[in-house]
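Report on the following structure.
The values are calculated or read from the model by the stated rules, or taken from the named source; none is laboratory data. Predicted, not measured: the structure shown is a model, and the values here were computed from it. For neighbour counting, all protein chains shown are included, and Cβ atoms are generated from backbone atoms with ideal geometry for every residue, glycine included.
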Amino acid sequence: MDFKKIKAKLESLGYSVTCFDTADAAADYLDENIQDKTVGFGGSVTLEQMGLYDRLALNNEVFYHNRLPGGMTKAEVCKKAGAAQVYLSSVNALAESGEIINIDGNCNRVASMLFGHEKVYFVVGENKIAKDCDSAVWRAKNIAAPKNAQRVKAKTPCAIKADKCYNCDSNNRICRALSVLWAAPLRGDFEIVLIHEELGF
């Protein structure tokens with residue numbers, strides 16, 4: 001996949017964009033550029049696969065609700081992550097036309113993507129890239145969300161096979177909000193890190 005056209009489109013929408021051939025190279029870059037900060041993590045298989053929590057925690061104070069410090073609840077850690085100087089997350093889908101699509105259950109992740117940090121990094125493997133906005137929404141609903149529901153052992157129809165969205169009304173439904181970024185939000189520093197590997201889902 002040629003990232004040049006996608007990079008140019010994203011830059012025209014106000015993002016800074018860096019591209020890497022491997023997840024290791026991208027992790028090195030993030031480790032070098034995030035130092036002595038408070039850092040929030042959104043729930044992300046991509047970030048876990050890259051080992052970013054352990055790397056960044058050596059030189060930063062990192063808040064991630066899947067790594068609870070002694071005495072703190074998930075809700076408390078999510079609030080700390082939401083107030084951090086730097087926020088990292090992947091995305092459910094990125095359209096070649098520039099739209100960034102995310103589905104969330106607790107909505108801490110989509111909230112933190114939009115406002116409140118000195119810097120936000122979107123870390124994106126090439127498998128997350130879709131042709132256009134409609135395709136990106138379809139991917140978020142029918143690929144990313146069912147696999148995430150299965151991963152967190154949600155009792156939903158989509159988690160049984162992790163095959164598609166059933167638009168269920170389950171109390172365990174993890175699809176509670178869908179966010180679309182048409183362009184980089186105003187008054188923020190948003191960087192997209194594109195990686196020529198398949199990461200997360």
State all residues of the stretch 167-179 that are out of contact with any Asp or Glu (no Cβ under 6 Å at 6 or more places or on another chain), surrounded by 13 or more Cβ atoms within 10 Å (Cβ to Cβ) and in contact (Cβ under 8 Å) with a residue 60 or more places away in the chain; if no residue qualifies, say none.
R173, I174, C175, L178, S179
Considering A136, A130, A183, which residue is touching a Leu at 6+ places or on another chain (Cβ under 9 Å), closer than 29 Å to D21 by Cβ, small (G, A, S) and touching a residue at least 60 places away in the same chain (Cβ under 8 Å)?
A183
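For the stretch 77-121: of the residues being under 17 Å from A145 (Cα atoms) and of a type in the set (S, T, N, Q), which is surrounded by the most Cβ atoms within 10 Å (Cβ to Cβ)?
Initially, the stretch 77-121 is screened for residues under 17 Å from A145 (Cα atoms), giving 89-95, 100-110.
So of that shortlist, the ones also of a type in the set (S, T, N, Q) come out as 89-90, 92, 102, 106, 108.
On the way: S89: 22, S90: 28, N92: 26, N102: 26, N106: 15, N108: 20.
This residue is S90.
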Residue tally, condition at negative phi and either modelled with pLDDT under 95 or in a loop (DSSP other than H, G, I, E, B) (or both), over the stretch 5-57
12
